[in-house]
Amino acid sequence: NRPSRAPYVALDAALIYELHIENQLDKIIVVTAPLQQRLQRIMERDGLSQEQAQMRIAGQWPLEEKAQRADYVIHNDSTPTALTKKVKNLHNWIMAAAQMRGNG
């Protein structure tokens, strides 16, 4: 395990808390969205029925609990353009923090 020269590495994983790997990560970002939007996105993305999508969500920790434990929370309750802006803002903040620590 050699140190990375990158200011940060992103891991896209919905089950961080369920798999108990949160202690292996320095910071955690949770993206939230209203339940109906999450259901619709899962159904469209994975071709699932509403019941299957509900079962998938039920198999995970409550999103509210994940958000409480997270270091950063992004609310994805609008357009893709709005989400991109939020992600870019957080990225810029992380990069600025890394620069101040001398890691960027």
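The values are calculated or read from the model by the stated rules, or taken from the named source; none is laboratory data. No experiment lies behind these values; they were computed from the predicted model shown. Positions of Cβ are generated from backbone atoms using ideal geometry, with glycine treated the same way; all protein chains shown enter the neighbour counts. Heads up: the accessible areas ignore ligands, DNA and RNA and are worked out on the full protein's heavy atoms, side chains in. Shrake-Rupley method; radii C 1.70, N 1.55, O 1.52, S 1.80 Å.
Numbers for the structure displayed
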item	result
Some residue of segment 14-26 being in a helix (DSSP H, G or I), surrounded by 11 or more Cβ atoms within 10 Å (Cβ to Cβ) and within 15 Å of the chain's Cα centre (by Cα)	yes
Any pair with Cβ under 7 angstrom, 6 or more apart, that starts in segment 30-43 at a residue that is without any contact (Cβ under 8 Å) to a residue 24 or more places away in the chain and more than 18 Å from VAL87 (Cα to Cα) and ends at one that is among the aliphatic types (A, V, I, L, M) and surrounded by 17 or more Cβ atoms within 10 Å (Cβ to Cβ)	LEU39/ALA53; ILE42/ALA53; MET43/ALA53
Residues of segment 30-48 that turn out to be over 27 Å from ARG69 (Cα atoms) and in contact with a strand residue (DSSP E or B) (Cβ under 8 Å, 6 or more places away or on another chain), as a count	0
Some residue of segment 34-42 being open to solvent by less than 50 Å² (accessible area, probe 1.4 Å) and either polar (S, T, N, Q) or within 14 Å of the chain's Cα centre (by Cα) (or both)	no
Which numbered condition ILE74 misses (of (1) open to solvent by 70 Å² or more (accessible area, probe 1.4 Å); (2) under 12 Å from the mean Cα position of the chain (by Cα); (3) among the hydrophobic types (A, V, I, L, M, F, W, C))	(1)
Answer from TRP93, TRP61 - the residue that is under 19 Å from GLN40 (Cα atoms) and either surrounded by 10 or more Cβ atoms within 10 Å (Cβ to Cβ) or not small (Gly, Ala, Ser) (or both)	TRP61
